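The values are calculated or read from the model by the stated rules, or taken from the named source; none is laboratory data. Just so you know, these numbers come straight off a predicted model, no measurement behind them. Because the Cβ atoms are built from the backbone with ideal geometry, glycine has one as well, and the counts that use them run over all protein chains shown.
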Amino acid sequence: MNSIRFQIQLTPDSIVQYASSIHSPVQRIGGVAVAPSTMPVTFWTMEDAPWLHEETTMIHGTQKFYYHAPLMAGMDLNCELSLLMAEPKNGRQGVLTLYTHSLICYYQDNPIAEAETILIGIGEMK
(Lines give C-alpha, C1' and ligand atoms only; values in the text may rest on other atoms or scores of the structure.)
Protein backbone atom coordinates (compact mmCIF):
# COMPACT_ATOMS: atom_id res chain seq x y z
CA MET A 1 0.00 0.00 0.00
CA ASN A 2 1.46 3.35 -1.05
CA SER A 3 -1.13 5.69 0.42
CA ILE A 4 -3.03 6.16 3.63
CA ARG A 5 -6.03 8.30 4.49
CA PHE A 6 -6.69 9.81 7.88
CA GLN A 7 -8.47 12.67 9.62
CA ILE A 8 -7.00 15.52 11.61
CA GLN A 9 -8.97 17.85 13.84
CA LEU A 10 -7.23 21.19 14.27
CA THR A 11 -7.83 22.41 17.79
CA PRO A 12 -6.67 25.67 19.34
CA ASP A 13 -4.52 23.61 21.74
CA SER A 14 -2.81 21.62 18.96
CA ILE A 15 -1.99 24.82 17.08
CA VAL A 16 -0.68 26.59 20.19
CA GLN A 17 1.38 23.53 21.17
CA TYR A 18 2.96 23.21 17.73
CA ALA A 19 3.61 26.96 17.45
CA SER A 20 5.27 26.89 20.86
CA SER A 21 7.45 23.92 19.87
CA ILE A 22 8.90 25.88 16.94
CA HIS A 23 9.05 29.16 18.91
CA SER A 24 6.52 30.86 16.66
CA PRO A 25 3.83 33.29 17.73
CA VAL A 26 0.26 32.13 17.17
CA GLN A 27 -1.34 34.04 14.34
CA ARG A 28 -5.08 34.72 14.49
CA ILE A 29 -7.75 35.68 11.99
CA GLY A 30 -10.90 37.02 13.59
CA GLY A 31 -9.67 35.66 16.92
CA VAL A 32 -9.27 32.09 15.54
CA ALA A 33 -5.83 30.47 15.75
CA VAL A 34 -4.08 29.83 12.43
CA ALA A 35 -1.76 26.83 12.09
CA PRO A 36 1.89 27.65 11.38
CA SER A 37 2.77 26.98 7.76
CA THR A 38 4.92 23.93 8.57
CA MET A 39 2.36 22.19 10.80
CA PRO A 40 1.07 19.75 8.12
CA VAL A 41 4.36 17.86 8.19
CA THR A 42 3.38 16.67 11.68
CA PHE A 43 0.00 15.33 10.56
CA TRP A 44 1.23 12.15 8.97
CA THR A 45 3.60 11.33 11.78
CA MET A 46 0.43 10.62 13.76
CA GLU A 47 -0.40 7.76 11.38
CA ASP A 48 1.53 4.60 10.54
CA ALA A 49 2.91 4.77 7.01
CA PRO A 50 3.69 1.09 6.30
CA TRP A 51 6.49 1.89 3.85
CA LEU A 52 8.52 3.69 6.53
CA HIS A 53 10.32 1.10 8.58
CA GLU A 54 10.99 1.76 12.25
CA GLU A 55 14.41 0.14 12.04
CA THR A 56 15.52 2.62 9.35
CA THR A 57 17.04 5.88 10.53
CA MET A 58 15.32 8.80 8.77
CA ILE A 59 16.53 12.32 8.29
CA HIS A 60 14.55 15.19 6.83
CA GLY A 61 15.41 16.18 3.28
CA THR A 62 13.25 18.89 1.76
CA GLN A 63 9.69 20.07 2.14
CA LYS A 64 7.39 22.37 0.18
CA PHE A 65 3.96 23.64 1.19
CA TYR A 66 1.12 24.98 -0.95
CA TYR A 67 -2.01 26.55 0.52
CA HIS A 68 -5.41 27.36 -0.93
CA ALA A 69 -6.48 28.95 2.39
CA PRO A 70 -5.09 29.10 5.95
CA LEU A 71 -5.50 26.10 8.24
CA MET A 72 -7.47 27.28 11.24
CA ALA A 73 -8.62 25.93 14.60
CA GLY A 74 -11.95 24.15 14.34
CA MET A 75 -11.26 22.60 10.94
CA ASP A 76 -11.70 18.87 10.45
CA LEU A 77 -9.35 17.80 7.68
CA ASN A 78 -9.38 14.67 5.56
CA CYS A 79 -5.83 13.91 4.52
CA GLU A 80 -4.16 11.55 2.11
CA LEU A 81 -0.46 10.74 2.36
CA SER A 82 1.10 9.03 -0.66
CA LEU A 83 4.52 7.64 -1.32
CA LEU A 84 5.35 8.92 -4.80
CA MET A 85 8.82 7.43 -5.12
CA ALA A 86 11.45 5.48 -3.17
CA GLU A 87 14.78 5.94 -4.86
CA PRO A 88 18.08 4.40 -3.71
CA LYS A 89 21.19 6.59 -4.01
CA ASN A 90 24.81 5.94 -3.25
CA GLY A 91 26.05 8.33 -0.58
CA ARG A 92 29.57 8.89 0.74
CA GLN A 93 28.92 6.54 3.62
CA GLY A 94 26.73 3.97 1.91
CA VAL A 95 23.29 3.55 0.41
CA LEU A 96 20.57 6.12 1.08
CA THR A 97 16.93 5.88 0.07
CA LEU A 98 15.00 9.04 -0.83
CA TYR A 99 11.28 8.72 -0.01
CA THR A 100 9.22 11.38 -1.81
CA HIS A 101 5.80 11.95 -0.20
CA SER A 102 2.73 13.94 -1.11
CA LEU A 103 0.24 15.04 1.53
CA ILE A 104 -3.07 16.56 0.45
CA CYS A 105 -5.50 17.88 3.06
CA TYR A 106 -9.14 18.56 2.26
CA TYR A 107 -11.57 20.77 4.16
CA GLN A 108 -15.23 20.36 3.28
CA ASP A 109 -14.22 18.20 0.29
CA ASN A 110 -11.96 20.90 -1.19
CA PRO A 111 -8.16 20.80 -1.17
CA ILE A 112 -6.86 23.34 1.32
CA ALA A 113 -3.20 22.39 1.78
CA GLU A 114 -0.62 20.29 0.00
CA ALA A 115 2.88 19.32 1.05
CA GLU A 116 5.75 17.52 -0.61
CA THR A 117 8.32 16.03 1.72
CA ILE A 118 11.46 14.02 1.05
CA LEU A 119 12.73 11.81 3.85
CA ILE A 120 16.13 10.18 3.56
CA GLY A 121 16.51 6.65 4.88
CA ILE A 122 19.98 5.55 5.84
CA GLY A 123 20.62 2.08 4.47
CA GLU A 124 18.98 0.03 1.78
CA MET A 125 15.20 -0.27 1.36
CA LYS A 126 13.78 -3.26 3.18
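Some points to look at:
- Residue count, segment 22-31 (criterion: surrounded by fewer than 15 Cβ atoms within 10 Å (Cβ to Cβ) and on the phi < 0 side of the Ramachandran plot): 5
- Selection count, segment 5-44, where residues are part of a strand (DSSP E or B) and in contact with a Ser or Thr (Cβ under 8 Å, 6 or more places away or on another chain): 0
- Matching entry among Pro50, Pro70 (being in contact with a strand residue (DSSP E or B) (Cβ under 8 Å, 6 or more places away or on another chain), within 20 Å of Thr117 (Cα to Cα), assigned to a loop (DSSP other than H, G, I, E, B) and at pLDDT 95 or above): Pro70
- Among the residues making up segment 105-126, those that are modelled with pLDDT of 95 or more and assigned to a loop (DSSP other than H, G, I, E, B) are Gln108, Asp109.
- Only listed residue being within 12 Å of Leu103 (Cα to Cα) and of a type outside the set (Val, Ile, Thr), chosen from Gln63, Gln9: Gln63
- Subset of segment 85-124 (residues that are in contact (Cβ under 8 Å) with a residue 40 or more places away in the chain and loosely packed, with under 13 Cβ neighbours inside 10 Å): Asn110
- Considered as a group, the residues in segment 53-67 that are in contact (Cβ under 8 Å) with a residue 24 or more places away in the chain and part of a loop (DSSP other than H, G, I, E, B) include one that is surrounded by the fewest Cβ atoms within 10 Å (Cβ to Cβ), and that residue is Glu55.
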